[in-house]
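The values are calculated or read from the model by the stated rules, or taken from the named source; none is laboratory data. Since the model is a prediction, treat every value here as computed from it, not as a measurement. Glycine also receives a Cβ, built like all others from the backbone with ideal geometry; neighbour counts cover every protein chain displayed.
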Amino acid sequence: MIMKYFAAFSIFLLLSCSDSEEIENKLSEIIVEKAIEYSGKQKLNSHELEFDFRDYHYKSVPNCNGFTLSRIQHESKVKDVLKNGKLTRYRNDSIVELADSTAFKYKESLNSVHYFMQLPLRLQDQAVNKKYIGKDTIENKIYYKIQITFDEKDGGEDFQDVFQYWFENETFSMDYLAYSFMTNGGGLRFRKAINPREIDGVKFQDYENYKPKSDTAKLSELSKHYKNDELELLSKIENENIQLKPKKLDCE
């Protein structure tokens, strides 16, 4: 409780200062750190995470360079493994040769599911640039807004994507997010967190996934469109059978 009010007071002091780039960077760091602490997601650095999403079983395993990410299709038992930026597909334990474009598509879809599952922990990735962009009020709650961009180096093929996150101003719960993307013709998405639950000290949540009804919508206006019922519900992102297992690392 003391730490929560200390963080809130620190943010208040920074907001009282000038709106310099340095202040914005410090604010964003404090907010993201408190969000990770609230979520318990730092535990993923020392635990294997498994879960089911639609037709696949997913698994992330921490290693000394980040995570080894995988998924297995329930029916075909085809397995995709992403390690050190390279995707390998297996069928019956044999490697399947893939065209570069196909491997890229599988890599992006695999990484995307794991990325959202690991949030807000992944906001501390090396290539991430964080910026505090103000406050917003949604459903009578006040939120801090953080914008995320990525360096081209280590930022992945989608480094041009831009994300925005809404963190509740007392608990630092990450209740909403939005992003613009360039692949497959590009577009905008807005997500609302639903079904929050805690498993082994780690908070997980599902999402309602929206897109704007208007083709002229902007990323910066998506929460306004949400409040005005101007978004279309595309799908629900629901993860099931979540399990955590301790993973011992020896990185010396």
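Please verify whether the range 101-110 includes one or more residues that are farther than 20 Å from Phe163 by Cβ and in a loop (DSSP other than H, G, I, E, B). Write out each step before concluding.
To start, the set of residues in the range 101-110 that are farther than 20 Å from Phe163 by Cβ comprises 101-106.
Right, trim to in a loop (DSSP other than H, G, I, E, B) and you get none.
No, the range 101-110 contains no residue that is farther than 20 Å from Phe163 by Cβ and in a loop (DSSP other than H, G, I, E, B).
What residue, among those in the range 171-215 that are of a type in the set (Asp, Glu) and under 30 Å from Lys245 (Cα atoms), is surrounded by the fewest Cβ atoms within 10 Å (Cβ to Cβ)?
To start, the set of residues in the range 171-215 that are of a type in the set (Asp, Glu) comprises 175, 198, 200, 206, 208, 215.
Keeping just the survivors that are under 30 Å from Lys245 (Cα atoms) gives 175, 198, 200, 206, 208.
Working: Asp175: 20, Glu198: 10, Asp200: 12, Asp206: 18, Glu208: 19.
Ranking the candidates gives Glu198 first.
Would you check if there is a residue in the range 137-144 being in contact with a helix residue (DSSP H, G or I) (Cβ under 7 Å, 6 or more places away or on another chain) and acidic (Asp, Glu)?
No - not one qualifying residue is present in the range 137-144.
Every residue in the range 218-246 that is surrounded by 14 or more Cβ atoms within 10 Å (Cβ to Cβ), under 20 Å from the mean Cα position of the chain (by Cα) and of a type in the set (A, V, I, L, M, F, W, C), please.
Leu219, Leu222, Ile237, Ile242, Leu244
Count, please, the residues in the range 160-195 that happen to be closer than 15 Å to Lys130 by Cβ and either among the β-branched types (Val, Ile, Thr) or at pLDDT below 95 (or both).
Total meeting the criteria: 2.
Counting only residues that are more than 19 Å from the chain's Cα centre (by Cα), at pLDDT 95 or above and not β-branched (Val, Ile, Thr), give me the strands (runs of 3 or more DSSP E) lying completely in the range 17-88 with at least 2 of them.
79-83
For the list (1) under 14 Å from the mean Cα position of the chain (by Cα); (2) of a type outside the set (Phe, Trp, Tyr); (3) over 27 Å from Ala193 (Cα atoms), I need the number of the one condition that Asp93 fails.
(1)
Would you kindly identify the strands (runs of 3 or more DSSP E) lying entirely within the range 116-212 that contain at least 2 residues that are touching a Leu at 6+ places or on another chain (Cβ under 7 Å) and not polar (S, T, N, Q)?
128-138, 162-168, 174-181, 187-199, 202-212
Could you list, in sequence order, the residues of the range 213-244 that are part of a strand (DSSP E or B) and acidic (Asp, Glu)? Spell out how you get there, then give the answer.
Here is the first cut: in the range 213-244, the ones part of a strand (DSSP E or B) are 231-237, 240-244.
Answer for the range 213-244, where residues must be part of a strand (DSSP E or B) and acidic (Asp, Glu): Glu232, Glu240.
Pairs, please: C-beta under 9 Å, at least 6 apart or cross-chain, first residue farther than 29 Å from Ser39 by Cβ and in the range 206-229, second surrounded by 17 or more Cβ atoms within 10 Å (Cβ to Cβ) and of a type outside the set (Lys, Arg)?
Lys213/His225; Lys213/Leu231; Ser214/His225
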